[in-house]
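What follows is a set of notes on a single structure, which appears directly below.
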Amino acid sequence: MIGDKVRRLPALKALPAFEISADRLSFSAAAEQLRLTHGAISRQIRTLEHQLGVPLFRRFNRRIELTQAGAEFLPAVRQALQLLEAAAAQVVDQTKSGPLVVSCLATFMMRWLIPRLYRFNAAHPEIEVRLSASHAPVHFEEGGVDVAIRLGRAPWPRGCIGQSFLPDRIGPVLSPVLLDKRPLRRPSDLKRLPLLHAETRPRAWQSWLKATGAAGLDPSKGARLEHTYFLLEAAASGLGVAIGSLPLVTQDLEAGRLVAPFGFVADRNAYSLLRPVGRPAKAVQTRAFIAWVQSEAQRSMMVADG
């Protein structure tokens with residue numbers, strides 16, 4: 001009670017169930033995420049509808065839909081829950097929560113993230129970032145990971161919330177010395193050069209050929225290396241031509257170690273940030289890191305397009 005006014009609040013316990021059900025249009029999905037039974041979720045929604053005096057969902061045999069009242073109620077519920085989550089996170093003593101563990105693709109970490117990380121450290125000296133290189137699927141609860149950077153788009157793996165931050169652009173790259181020896185005037189001229197492949201991205205050549213419509217090239221031929229980092233080093237050393245991801249080769253292009261004779265084209269993939277579903281213990285650090293990565297991505301895209 002504030003003064004003589006009594007707050008008339010809906011069942012707060014039911015709000016997360018309503019938000020997830022509305023986002024996923026599934027009571028079962030809400031039950032799985034909140035670790036409750038389908039019946040418990042259904043009862044919480046019924047209680048909320050009874051308190052509000054209006055139905056929030058239309059129920060069918062195998063699906064649900066938001067009513068107009070439900071659609072109008074959802075943004076306010078989402079905002080209220082986000083405010084509560086942020087306030088609760090600020091109450092927690094962040095200095096006792098340990099470093100922010102970021103799992104990242106190894107080559108992306110070395111060639112994109114680490115060269116920029118000093119700016120995050122300068123802006124957030126209170127947050128310690130611990131980097132872990134991995135290409136494996138992320139298991140947040142088992143691995144102690146707070147944020148992961150992977151290549152891909154939605155749908156995201158189970159237990160993850162994802163957001164793409166840097167569209168991928170790909171194209172053939174090679175040493176300028178090799179290019180001088182074997183000039184390339186059209187994509188079909190690449191058949192005169194050794195093709196290089198990375199096992200961590202085995203269909204890169206097929207993706208580029210499909211995106212460009214280039215013909216006269218057998219993408220199955222050529223040497224295979226274990227990681228993208230080895231692939232790019234082999235290309236820079238004149239061992240052949242590789243498909244490079246623009247965010248990974250920008251510095252090599254600027255330094256003249258690599259050249260991209262046909263430029264880069266948009267790929268269906270994107271570099272994405274993943275975090276666990278629910279309310280992470282390091283919410284403040286996580287939000288700060290994600291916001292910084294997104295701003296750095298915008299900066300790098302402006303430089304690439306400029």
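The values are calculated or read from the model by the stated rules, or taken from the named source; none is laboratory data. This structure is a prediction, so every number in the text was calculated from the model and none was measured. We place every Cβ from the backbone using ideal geometry, glycine too, and count neighbours over all the protein chains shown.
Quick rundown of the values:
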{"read-out": "Residue in region 179-200 that is within 27 Å of ALA297 (Cβ to Cβ), in a helix (DSSP H, G or I) and not hydroxyl-bearing (Ser, Thr, Tyr) present", "value": "no"}
{"read-out": "Leading residue by the ranking (farthest from PRO276 (Cα to Cα)) among those in region 105-159 that are among the polar types (S, T, N, Q) and touching a residue at least 12 places away in the same chain (Cβ under 8 Å)", "value": "THR107"}
{"read-out": "Single condition GLU226 does not satisfy, out of (1) over 25 Å from GLU128 (Cβ atoms); (2) free of Cβ contacts under 8 Å to residues at least 12 places away in the same chain", "value": "(2)"}
{"read-out": "Region 111-154 - residue that is part of a loop (DSSP other than H, G, I, E, B) and hydrophobic (A, V, I, L, M, F, W, C) and, of those, nearest to ARG201 (Cα to Cα)", "value": "ALA136"}
{"read-out": "Every residue from region 34-60 that is closer than 27 Å to CYS160 by Cα and either exposed (fewer than 13 other Cβ atoms within 10 Å of the Cβ) or of a type in the set (S, T, N, Q) (or both)", "value": "ARG35, THR37, GLY39, SER42, GLN44"}
{"read-out": "So GLY222, is it at positive phi and in contact with a Leu (Cβ under 7 Å, 6 or more places away or on another chain)", "value": "yes"}
{"read-out": "Filter result for GLY144 (more than 24 Å from ASN269 (Cβ to Cβ) and modelled with pLDDT under 95)", "value": "yes"}
{"read-out": "Scan of region 158-178 for residues that are part of a loop (DSSP other than H, G, I, E, B) and either buried (at least 17 other Cβ atoms within 10 Å of the Cβ) or in contact with a His (Cβ under 9 Å, 6 or more places away or on another chain) (or both), ordered by number", "value": "GLY159, SER175"}
{"read-out": "Selected residue [surrounded by 14 or more Cβ atoms within 10 Å (Cβ to Cβ), assigned by TED's automatic domain parsing to the domain that holds ARG257 and in contact (Cβ under 8 Å) with a residue 40 or more places away in the chain] from LEU193, LEU209, LEU217", "value": "LEU193"}
{"read-out": "Tally of residues being outside any strand (DSSP E or B) and under 19 Å from LYS191 (Cα atoms) across region 238-266", "value": "9"}
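Here's the yes/no breakdown for (1) in the same structural domain as SER175 (by TED's automatic domain parsing); (2) loosely packed, with under 15 Cβ neighbours inside 10 Å; (3) within 27 Å of VAL101 (Cβ to Cβ):
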{"position": "ALA223", "(1), (2), (3)": "yes, yes, no"}
{"position": "HIS227", "(1), (2), (3)": "yes, no, yes"}
{"position": "ALA234", "(1), (2), (3)": "yes, no, no"}
{"position": "PRO247", "(1), (2), (3)": "yes, no, yes"}
{"position": "THR250", "(1), (2), (3)": "yes, no, yes"}
{"position": "PHE264", "(1), (2), (3)": "yes, no, no"}
{"position": "PRO276", "(1), (2), (3)": "no, no, yes"}
